[in-house]
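Written out below as structure tokens is the structure these notes cover.
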Amino acid sequence: MAENGEAGAVGLRERKKQRMYETVSEIAIRLFLEKGFDAVSVAEVAAAAEISKPTLFRYFPAKEDLVLHRFADHEGEAARVVTGQEAPPLVALRRHFLAGLERCDPVTGLNDHPQVLAFHALLYGTPALVARLYGFQERSEAALAEALGGGLEARLAAGQIVAVQRILALENWRRIAEGERAADVRGDAVAAAQRAFGVLEAGLPHLAGASQ
């Protein structure tokens, strides 16, 4: 019974911690969208969240992390897709990306909701955030490489896969940011993803289930 109580206490602490992350991040992003990333200080975010500056830094070591927290769940996404399905890695990743396009997942760039567009404009329009985003991509590559078996060959493959997903998403976001509707871009986005993953599968047949 004591063990169950301890487990419940740990679960409650984790939920409270996650709520803190989400609440502070949302407050920070709102301020950044209103005033600009560089115009808002960490102290101002802490005051708005009604926490101390040291407490904020315990959750978010860098100011940029207040924004990039939205990507936290996606950091190991490709690795989870590869390890969570019986299909060959590239087949599973293709299906996953196409499913994201179907539901207009913001991470695919195919989303024209005003709040999503504002967030992407903040992200890609702020050099400090773009630079920090590279760290996220590097960790995604490392996790995917590990899921693919590790070693140089796996790292090279992971780099190609993550780059393809990033470029596809950026192209979708660029077109929507220039005024096109997501519904009008979707057909081209699906076709581009099919072509891109086809190139990956041709170059990495061992990850597509094809015999070499």
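Observations on the structure shown:
- Computed over the chain with a Gaussian network model linking Cα atoms closer than 10 Å, the most mobile of ILE51, ILE167, ILE176 is ILE51.
- GNM result for the chain, Cα springs below 10 Å: residue of VAL42, VAL67, VAL107 fluctuating most strongly: VAL42
- GluC sites (Glu not before Pro) lying in DSSP loop within segment 132-203, provided at most 16 other Cβ fall within 10 Å: GLU178, GLU180
- Computed from the alpha carbon positions, the gyration tensor of segment 97-139 leads to an equivalent ellipsoid with semi-axes of 21, 15, 5 Å, biggest first.
- Rounded tilt (10° steps) of 114-124 against the dominant C-alpha axis of the chain: 80 degrees
- For segment 8-77, GluC sites (Glu not before Pro) are listed when DSSP marks them as loop and at most 12 other Cβ atoms sit within 10 Å of their Cβ; the list is GLU50.
- Apolar share of the accessible surface for segment 99-206: 56 percent from carbon plus sulfur atoms, 1.4 Å probe.
- For segment 54-141, average projected area of the Cα convex hull in nm²: 6.7 nm²
- Inter-label distance for ALA118 and GLN160, nm, one decimal - labels placed 7 Å from Cα along Cα-to-Cβ: 4.1 nm
- Average accessible area per residue (Å²) across the chain - probe 1.4 Å, nucleic acids and ligands excluded: 55 Å²
- The P(r) of the chain has a tail past 20 Å containing 64 percent of all C-alpha pairs.
- Taking one quarter of the surface of the convex hull spanned by the alpha-carbon atoms of segment 1-102 gives a direction-averaged projected area of 10.0 nm².
- Relative contact order (%) - criterion: Cα under 8 Å, at least six apart; region: the chain: 22 percent
- Proportion of all alpha-carbon pairs of segment 96-212 beyond 18 Å (%): 56 percent
- Degrees between helix 2-35 axis and first principal axis of the chain (Cα, 0 to 90, nearest 10): 90 degrees
- A full extension of the chain between GLU86 and ALA128 corresponds to an added length of 11.2 nm, given 0.36 nm per residue minus the alpha carbon distance.
The values are calculated or read from the model by the stated rules, or taken from the named source; none is laboratory data. Not measured: the values here are computed from a predicted model. A quick note on method: Cβ atoms are made from the backbone with ideal geometry, for glycine too, and the neighbour counts reach across all protein chains shown. These area figures cover heavy atoms from the full protein model, side chains too; ligands, DNA and RNA do not enter into them. Shrake-Rupley method; radii C 1.70, N 1.55, O 1.52, S 1.80 Å.
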